[in-house]
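The values are calculated or read from the model by the stated rules, or taken from the named source; none is laboratory data. Quick caveat, the model's predicted, so the values are computed rather than measured. Cβ: placed from backbone, ideal geometry, glycine included. Neighbour counts: every protein chain shown.
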Amino acid sequence: MGKIFELIRDVATIRSTVLIQGESGTGKELIARAIHYSGDRAQKPFITVSCAALPETLLESELFGHEKGSFTGASSQRKGKFEMADGGTLFLDEIGDISSKLQMDLLRVLQERKFYRVGGSEEIEVDVRVIAATNVELDRAVREGKFRDDLFYRLNVISVHIPALRDRREDIPLLAQSFIERLSHELGKNITGITEGALRIFVDHDWPGNVRELENAIERAMVTCKATMIAEEDCAFLLPTQEKLDSAWNVPPNVTLEEAERYIITSTVQRTNGNIKEAAGILGIDRSTLYDRLKKYNLQRE
């Protein structure tokens, strides 16, 4: 990450296109914003487009705008994101998902800095820096014929690869503390840090959702935290199943299986406020089975 930050400083003031690659949740948009706000375009617009969120026709209009009457529902002229980002930066998220036609249109804009609105005849020239991001291996997509090689080379002038969080676990303590400091204000909770045992749980977790998952996990732990430090019991939800049980409940000596089952069912139904469907889902049994157990132990739903 230190090398990435050095690269951000190096490229912040130049107009070259940047391609950011990394798994979902690694913080690609944060890197794009850091590039934009570290350079001489910082006072100009930073515009984001999620290429995976829109079908081809809508994405074309989103990027390039349209003229009145160019298609059904086009009741007025509309500027696209390229025009809105003039002088600044356009961040194209999930660029690997765009269609072949849009790949060709985008290539032309990157080469000539000019385009036409949908249904328009006036050529529009813009000064836009493009930063693209993807969780797809674009070089493989090129080899498989799913992505234009000329567009790939045009996008890949400066390449930034963000490693997965599991490959940089030494960053987890600093990230966790940063999230705690920010979220403590947002949640209105006086939480200042994390215990050594809880931090070990966070460091040992594989984080398939990367930094985004880490942030969500910190917030969840802070919501249940009763002290000023996040403790192991606050992040037990990250533990494997057996460790969760060991952390959440120390089984008393000489307890019978029937007594244990009664306790687990009672606590689960109470925790879900009598929601049988939710409780059955947590317990991993059918609702009819749960009803049978409630009847067997003469338990109330609330």
Output for the stretch 155-195, where each listed residue is among the hydrophobic types (A, V, I, L, M, F, W, C), in a helix (DSSP H, G or I) and within 14 Å of Ile218 (Cα to Cα): Ile172, Leu174, Leu175, Ala176, Phe179, Ile180, Leu183, Leu187
Filter result (surrounded by fewer than 19 Cβ atoms within 10 Å (Cβ to Cβ) and within 21 Å of Lys114 (Cβ to Cβ)) within the stretch 69-82: Ser70, Gln77, Arg78, Lys79
Selection from the stretch 271-299 of residues that are more than 33 Å from the chain's Cα centre (by Cα) and either assigned to a helix (DSSP H, G or I) or modelled with pLDDT under 75 (or both): Arg287, Ser288, Thr289, Leu290, Tyr291, Asp292, Arg293, Leu294, Lys295, Lys296
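One line per residue, one yes/no per condition, for (1) touching a Gly at 6+ places or on another chain (Cβ under 9 Å); (2) closer than 15 Å to Gln21 by Cβ:
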site: Ile98; (1), (2): no, no
site: Ile124; (1), (2): yes, no
site: Val136; (1), (2): yes, yes
site: Val160; (1), (2): yes, yes
site: Pro163; (1), (2): yes, yes
Within the stretch 209-232, considering residues that are over 15 Å from the mean Cα position of the chain (by Cα) and within 20 Å of Asp171 (Cα to Cα), the one surrounded by the most Cβ atoms within 10 Å (Cβ to Cβ): Ala221
Residue in the stretch 89-102 that is more than 16 Å from Leu54 (Cα to Cα) and either modelled with pLDDT under 90 or in contact with a strand residue (DSSP E or B) (Cβ under 8 Å, 6 or more places away or on another chain) (or both) present: yes
Among residues of the stretch 24-38, those that are crowded, with 19+ Cβ neighbours inside 10 Å and either not charged (D, E, K, R) or not in a helix (DSSP H, G or I) (or both), counted: 7
Selection status of Phe91, under 24 Å from Glu123 (Cα atoms) and buried (at least 17 other Cβ atoms within 10 Å of the Cβ): yes
Residue check, Leu175 outside the structural domain of Asp105 (by TED's automatic domain parsing) and surrounded by 15 or more Cβ atoms within 10 Å (Cβ to Cβ): yes
Count - residues of the stretch 21-60 that are modelled with pLDDT of 90 or more, more than 18 Å from the chain's Cα centre (by Cα) and among the polar types (S, T, N, Q): 2
Single condition Glu122 does not satisfy, out of (1) within 29 Å of Asp139 (Cα to Cα); (2) out of contact with any Asp or Glu (no Cβ under 6 Å at 6 or more places or on another chain); (3) charged (D, E, K, R): (1)
Hey, Arg129 more than 30 Å from Lys68 (Cβ to Cβ), in the same structural domain as Ile14 (by TED's automatic domain parsing) and not small (Gly, Ala, Ser) or not: no
Selection from the stretch 179-232 of residues that are under 24 Å from Arg271 (Cβ atoms), without any contact (Cβ under 8 Å) to a residue 12 or more places away in the chain and either of a type in the set (D, E, K, R) or touching a Phe, Trp or Tyr at 6+ places or on another chain (Cβ under 6 Å) (or both): Lys226
For Lys114: the one exception among (1) over 28 Å from the mean Cα position of the chain (by Cα); (2) over 27 Å from Lys68 (Cβ atoms): (2)
